[in-house]
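Asks: The structure follows.
The values are calculated or read from the model by the stated rules, or taken from the named source; none is laboratory data. These numbers come from a predicted model, not from an experiment. Cβ placement follows ideal geometry from the backbone for every residue including glycine, while neighbour counts extend to all protein chains displayed.
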Amino acid sequence: MTALLTASRIRRVVLPLALCAGLAAGLGACAEDPDEGTNGVGKLAPDAIEQKAQEAADGAKAVRLAGTLVSKGGTFKLNMRLKDDGAAGSVTTKNSTFELLRVGDALFMKADAEFWTHGEDGKASAAPTESSDGSDGSDADDEAADKLDDKYVKVPQDDPSYKQLRGFTDMDLLLDGLIGLHGDPVKGDRDKIGGIRTVKVKGGEDGEGGTLDVALEGTPFPLQFARGGGAGVVVLSEWDKDFPLEEPAPGETLDYGKQLPRT
């Protein structure tokens, strides 16, 4: 009887201990270090995280930038591959989509016939509005636009459109304007962008100054930036992945012949 009582008492003591040990192990698993296996940036203060991201971007040789920007001039959808000496990609506005290619200072634009016929302001632009025989010039306009359809046009550097269009191809200019937070930085939640773990840094408590997602794996590149006030979201990927850039062949290029339509 004594032996049975002793065994019973042992079981009553051991079982709760085993359950407690299992519970403790489970809780330990749930409370794993969220920075384990990361680059450690998530442990830093929010201003230090932002600085690391800025330094990584400044030192990069290339990037793909894709997303939507909202400004006083309208809404733009960008899908650009950028590097120091040029860029290639597309810009979509309210009325059209056109491609941009920059090699050094040489800037080329490609669009469909409708763009060259009407431009962004909806006015005919590919040919004079009045022909030499007194007609309204619409046939000449359409003919000129058809020739320009899907052809590269070199943008003259003294054309008013040159500076604006080049801005979409300037890596430093775009990054400086897109990944800077406004207001006191606040560390936000963890997330994943493109399968890569990130930590968010917000400009202000509610992110009114923008929200930046910084990579927690590898180099702490900025991977996404949401502009404050719903002014657009851009995703940054393919950091430091080089890509070829060369001017289009002569057979792919036509001379527009006068000032480009307002874009």
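Asks: What's the number of the only condition in (1) in contact with a helix residue (DSSP H, G or I) (Cβ under 9 Å, 6 or more places away or on another chain); (2) modelled with pLDDT of 95 or more that I193 fails to meet?
Replies: (1)
Asks: Name the pairs whose Cβ atoms lie under 6 Å apart, with the first residue in segment 98-113 and within 19 Å of K83 (Cβ to Cβ) and without any contact (Cβ under 8 Å) to a residue 60 or more places away in the chain, the second part of a strand (DSSP E or B) and charged (D, E, K, R), and 6 or more positions between them or separate chains?
Replies: Going by the 6 Å Cβ cut-off, the qualifying pairs are E99/K110.
Asks: Please give the number of the condition T219 fails out of (1) within 18 Å of the chain's Cα centre (by Cα); (2) among the hydroxyl-bearing types (S, T, Y); (3) under 20 Å from W116 (Cβ atoms).
Replies: (3)
Asks: Right, another one. Which residue out of L165, L178, L223, L174 is touching a helix residue (DSSP H, G or I) at 6+ places or on another chain (Cβ under 8 Å) and of a type outside the set (G, A, S)? Steps first, please.
Replies: Details: L165 fails: touching a helix residue (DSSP H, G or I) at 6+ places or on another chain (Cβ under 8 Å); L178 fails: touching a helix residue (DSSP H, G or I) at 6+ places or on another chain (Cβ under 8 Å); L223 fails: touching a helix residue (DSSP H, G or I) at 6+ places or on another chain (Cβ under 8 Å).
Unique residue meeting the criteria: L174.
Asks: Exactly one condition in (1) modelled with pLDDT of 95 or more; (2) more than 19 Å from L100 (Cα to Cα) is not met by F243; state its number.
Replies: With respect to (1) modelled with pLDDT of 95 or more; (2) more than 19 Å from L100 (Cα to Cα), F243 is out only on (2).
Asks: Moving to a separate point now. Every residue in segment 142-177 that is within 23 Å of A66 (Cβ to Cβ), of a type in the set (A, V, I, L, M, F, W, C) and crowded, with 16+ Cβ neighbours inside 10 Å, please.
Replies: V155, L165, F168, M171, L174, L175
Asks: Taking D240 as the residue in question, decide whether it is under 28 Å from G74 (Cα atoms) and loosely packed, with under 14 Cβ neighbours inside 10 Å.
Replies: On the way: under 28 Å from G74 (Cα atoms): no; loosely packed, with under 14 Cβ neighbours inside 10 Å: yes.
So D240 fails the test.
Asks: Between residues in segment 196-209 that are assigned to a strand (DSSP E or B) and residues that are hydroxyl-bearing (S, T, Y), which pairs lie under 9 Å by C-beta distance while being six or more apart or on different chains?
Replies: Every condition considered, the pairs that remain are R197/T38; V199/T38; K200/T211; V201/T211; K202/T211; G203/T211.
Asks: Would segment 64-71 turn up any residue that is more than 13 Å from V234 (Cα to Cα), of a type outside the set (F, W, Y) and in a helix (DSSP H, G or I)?
Replies: Our first condition is that a residue be more than 13 Å from V234 (Cα to Cα); within segment 64-71, this holds for 71.
Pick out the ones that are also of a type outside the set (F, W, Y) and you get 71.
Pick out the ones that are also in a helix (DSSP H, G or I) and you get none.
Within segment 64-71, none of the residues are more than 13 Å from V234 (Cα to Cα), of a type outside the set (F, W, Y) and in a helix (DSSP H, G or I).
Asks: Separate question: Within segment 178-209, count every residue that is β-branched (V, I, T), under 15 Å from the mean Cα position of the chain (by Cα) and either within 17 Å of G37 (Cβ to Cβ) or surrounded by fewer than 20 Cβ atoms within 10 Å (Cβ to Cβ) (or both).
Replies: 1
Asks: Moving on to the next point. Taking the residues in segment 119-158 that are in a helix (DSSP H, G or I) and within 24 Å of A88 (Cα to Cα) as candidates, determine which candidate is modelled with the lowest pLDDT.
Replies: The residue in question is A145.
Asks: Could you say whether any residue in segment 87-94 is polar (S, T, N, Q), touching a residue at least 12 places away in the same chain (Cβ under 8 Å), crowded, with 16+ Cβ neighbours inside 10 Å and not in a strand (DSSP E or B)?
Replies: Checking segment 87-94: not a single residue is polar (S, T, N, Q), touching a residue at least 12 places away in the same chain (Cβ under 8 Å), crowded, with 16+ Cβ neighbours inside 10 Å and not in a strand (DSSP E or B).
Asks: Moving to a separate point now. Which count do you get for residues in segment 210-227 that are buried (at least 22 other Cβ atoms within 10 Å of the Cβ) and part of a loop (DSSP other than H, G, I, E, B)?
Replies: Count: 5.
Asks: Name the single residue, out of those in segment 178-195 being among the hydrophobic types (A, V, I, L, M, F, W, C) and part of a loop (DSSP other than H, G, I, E, B), that is nearest to A53 (Cα to Cα). So that I can check it myself, show each step before the final result.
Replies: Step one: list which residues in segment 178-195 are among the hydrophobic types (A, V, I, L, M, F, W, C), which gives 178-179, 181, 186, 193.
Applying the additional criterion that residues be part of a loop (DSSP other than H, G, I, E, B) yields 179, 181.
Details: I179: 9, L181: 11 Å.
The extreme case among them is I179.
Asks: Six or more apart or on different chains, Cβ atoms under 7 Å: show the pairs whose first residue is in segment 31-44 and farther than 19 Å from V186 by Cβ and whose second is at pLDDT 85 or above.
Replies: If the second residue must be at pLDDT 85 or above, the pairs left are T38/R197; T38/L216; T38/E217; N39/L216; N39/E217; N39/G218; N39/P220.
Asks: Further question on the same structure: Suppose we keep only residues that are β-branched (V, I, T) and modelled with pLDDT of 90 or more within segment 95-118. Which one would you say is surrounded by the most Cβ atoms within 10 Å (Cβ to Cβ)? Even if it seems obvious, please write down each step before you answer.
Replies: Keep residues of segment 95-118 that are β-branched (V, I, T), which gives 97, 103, 117.
This time we only want the ones that are modelled with pLDDT of 90 or more, so: 97, 103.
Numbers: T97: 14, V103: 16.
Step by step, filter segment 95-118, then rank; the result is V103.
Asks: Let me ask you something else. When only residues in segment 32-63 that are in a loop (DSSP other than H, G, I, E, B) and among the acidic types (D, E) count, which is farthest from V233 (Cα to Cα)? Reasoning before the result, please.
Replies: Going through segment 32-63, the residues in a loop (DSSP other than H, G, I, E, B) turn out to be 32-40, 44-45, 59-61.
If we keep only those that are among the acidic types (D, E) too, we end up with 32-33, 35-36.
Values: E32: 32, D33: 30, D35: 26, E36: 29 Å.
Restricting to residues being in a loop (DSSP other than H, G, I, E, B) and among the acidic types (D, E), the top hit is E32.
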